[in-house]
Each structure stands twice: as structure tokens, then as C-alpha cells.
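Any read-out appearing in this document is the output of simple, stated calculations on the displayed coordinates, not a laboratory observation. Computed from a prediction, not measured in an experiment: that's the story for all the values here. Reconstructed Cβ throughout: ideal geometry from the backbone, glycine too, with neighbour counts over all protein chains shown.
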Amino acid sequence: MRDGRTQALIVAAAGGSALLLAGAFAFQYIGGLAPCQLCLWQRWPHGAAVLVGVLALFIGGRLLPVLGALGAFATAAIGVFHVGVEQKWWAGLPSCTASSLTGVSGADLLNTDVAVGAVVRCDEIAWQMLGISMAGWNVILSLGLMLLWLRAARR
């Protein structure tokens with residue numbers, strides 16, 4: 001069984017990932033802001049961190065908090081790449097640029113009954129606060145969550 005301080009760190013770290021996921025889904029389903037491919041990739045490590053957090057509350061040891069830290073680091077790393085794409089520091093994925101038709105067949109393009117949605121671009125900032133995009137906020141907050149996980153692993 002973990003001490004109360006370690007449990008609080010785990011709850012804060014996993015809860016932070018849960019809140020970031022909830023925010024992403026709120027922007028998508030309430031705000032109507034469709035995610036790009038890199039945005040979707042940033043969600044998966046948060047989901048893993050939430051699961052690790054639940055497990056870590058019931059299973060002792062340092063391995064699970066280290067895995068939580070790796071999840072937070074992974075989403076931050078994807079976020080750094082995404083920020084670089086948004087800022088035009090490097091090229092993004094072919095699947096999230098305006099010229100991409102990935103996943104759309106020629107038959108779909110010719111069929112007027114099939115709605116081919118617009119590609120959500122990774123290289124355009126869809127929303128920002130204080131001059132920082134959502135991907136940038138994910139980096140900042142996820143690195144903070146990683147520090148919480150590492151602190152929990154040390155205890």
C-alpha cells in the first residue's frame with residue numbers, strides 16, 4: 001500500500017491526463033474543433049497514463065509511476081513535433097496537409113453520395129491562448145505531469 005502523499009501525486013498526475021483528455025474531447029464535441037492526426041496521437045499516451053494511474057493506486061512499486069511518466073513524456077514529445085509543424089520549423093505528416101487524400105479512394109471522389117470531409121491540417125493553429133497553441137499547452141502541462149509521476153516514483 002502506498003502512503004498518502006504518493007497516492008496524491010498519482011491521482012494528480014493521472015487526473016491531469018484525464019482532464020487534458022476531457023478538454024480535448026470538449027473542444028472536439030462541444031466546440032466543433034476537429035482534431036488533426038497529431039492531435040489524435042497526443043491523446044493516446046494520456047489515456048495510457050490514466051490507466052496506469054488507476055493501476056498504480058492498487059499495485060505498489062515504482063514501475064507504474066515510471067510508466068506514467070513515460071506516457072506524459074510521449075505526449076509531450078508528440079506535442080513538440082506538432083508545435084514545430086505549426087510554426088513551420090519542419091515538415092509535418094503527409095496525412096495532415098491540404099494536399100493529402102489519404103484514406104479517400106478514387107471512387108469516393110467521383111461518388112457524389114459520399115461526403116469527403118476536409119483534411120484537418122496539422123500545420124495550422126486552430127486555437128490558441130496567450131499565444132500558445134493547444135499542442136503547446138499539451139507540451140507544457142504534460143511535462144508538469146511527467147514531473148509529478150517521477151516524484152511519485154521516487155517515494
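Annotations for the structure displayed:
- Per-residue Cβ neighbour counts within 10 Å put MET146, MET134 in the sequence MET146, MET134, beginning with the fewest.
- Sorted by Cβ neighbour density within 10 Å, fewest at the top, the residues THR75, THR6: THR6, THR75
- Estimated vicinal HN-Hα couplings, Hz - the stretch 33-48 in sequence order (Karplus 6.51, -1.76, 1.60; Gly, Pro = x): 9, 5, x, 8, 4, 5, 4, 5, 4, 5, 6, 4, x, 5, x, 5
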